[in-house]
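Below is one structure; the comments refer to it alone.
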Amino acid sequence: MKTDKIVAAVIVALGLAAGGWFMSKGLAGLRTGDRYVSVKGSAEKVVDADLVVWPLAHTVSGNDLGEVQRGLETNTTAIRDFFKTAGFGDDEIVVAPARLEDRWAYSYGENKPPERYRYSTTVTLRTTKVAKAMQALRRTGDLLAKGVMLGGNGGEGESSSGPEFDYTKLNDIKPALIAEATANARKSAEQFAKDSGARIGGIRTANQGVVDISNRDAGSPQVKKVRVVSTVEYFLKD
C-alpha cells in the first residue's frame, strides 16, 4: 500500500512537471506569435500605352433642318477621312447615333435661341496604333481649316475630349511587380527587426494592396507609370 502511494505521488509530480513544461512552451509561443511587424513595399515600372480612345464630338446648328443634317453629314465624313488619311481602318472608327435637339420646343418669347436646331454626333477612334494617333493629334488643325467645329455634346450624350491612352497588359507585368514590392517590404522588415534586436519569421498576413496606373507626367499621357504597393506582416523571433 505504501509503495502504491509513492508511485502515485511520482506520477502526479511528473504530470505537474510536464504540464509546467508545456505551459511554458505555450506562453513562449504566444509571446512570439504576438510579436510582428507590418511593412509596405512598392515597385514601379514605366510602360508605353497600347490603346488609344479618341472621341471627336461635333455639332451643327441652324434653323433649316435639312441644311443642319447635311452639315453634320459633311463634318462626319471629314472626320472619318481625317482618320483614314492618318492610316486608320474603318474597323477602328465608330460613329455614334446623331442627336437632334429642337431648342425652341421648350423656349418661349425672348428666351428663344437664335438657332432652332442643334444636330450633333461623335466620331471615335479606338486603336492600338499609338504612334499614328500621336501624329494625327498634331494635325487636328486640318479639321478646323475645313470648317469642322469640334466640341459640344456628341451623340448618345457623349462629349468631345482629348484622346485617352490606356495600358492593357497589366497582367503581363503584375507578377514581377508584386514580387519586387514584396521583396522591398521584407527588406524594410529586416531592417526594423535588426534595429529592435529581433529576427524576421514567417509571413503573418500579406495584402497586394493597390495597383495604380497613371501618366508619367502631364506632358506625356501616352507614357504610363504602373505602381504596386504590397502590405506584409512578418512574425518577429528572438
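The values are calculated or read from the model by the stated rules, or taken from the named source; none is laboratory data. Source: prediction; values computed, not measured. Using ideal geometry, Cβ is built from the backbone for each residue, glycine included, and neighbour counts are taken over all protein chains shown. Please note that ligands, DNA and RNA were not included when accessible areas were found on the heavy atoms of the full protein model with its side chains. Shrake-Rupley method; radii C 1.70, N 1.55, O 1.52, S 1.80 Å.
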Practice problem: Under a cut-off of 19 Å between alpha-carbon atoms, report the lysines in cross-link reach of Lys146, not counting same-chain residues fewer than 8 places apart. | Solution: Lys84
Practice problem: Go ahead and collect, in residue order, the members of region 132-146 whose backbone nitrogen is under 11 Å from a label point 7 Å along the Cα-Cβ direction of Asp48. | Solution: 132
Practice problem: Please sort by residue number the trypsin sites (Lys or Arg not before Pro) in region 72-139 whose DSSP state is loop and whose Cβ has at most 13 other Cβ atoms within 10 Å. | Solution: Arg138, Arg139
Quiz item: Suppose R0 equals 25 Å; then what is the FRET efficiency for Asp217 and Arg138 from their Cβ-Cβ distance, rounded to the nearest 0.05?
Solution: 0.85
Self-check item: Sites Glu110 and Leu65 - FRET efficiency at Förster radius 30 Å, r taken between beta-carbons, to 0.05
Solution: 0.80
Exercise. Please report, in Å, the Rg and the Dmax of region 165-238, where both are computed over Cα atoms only.
Key: 16.1, 51
Practice problem: Pairs to check: Lys187/Lys224; Lys132/Lys224; Lys45/Lys194; Lys129/Lys174; Lys174/Lys225. Give those whose C-alpha atoms are more than 20 Å from each other in this structure. | Solution: Lys187/Lys224; Lys45/Lys194; Lys129/Lys174
Exercise. Can you pull the one-decimal nm distance between simple spin-label points at Arg227 and Lys40, each 7 Å off the Cα toward Cβ?
Key: 0.9 nm
Exercise. For region 87-138 and region 178-208, compute the distance between their C-alpha centroids and round to whole Å.
Key: 54 Å
Self-check item: Calculated Rg and Dmax of region 82-237 using C-alpha coordinates, Å
Solution: 26.2, 84
Exercise. Would you mind getting me the FRET efficiency between Arg204 and Glu164? Use the beta-carbon distance for r and R0 = 41 Å, nearest 0.05.
Key: 0.50
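For region 82-229, give the percent of accessible area contributed by carbon and sulfur heavy atoms, probe 1.4 Å, rounded to a whole number.
Of all accessible area on region 82-229, carbon and sulfur atoms account for 48 percent.
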Quiz prompt | Solvent-accessible area per residue, Å², over region 85-207 with all protein chains present [probe radius 1.4 Å] | solution = 63 Å²
Self-check item: Interchain or long-range residues, amide H under 5 Å from Arg35's placed H
Solution: Leu236
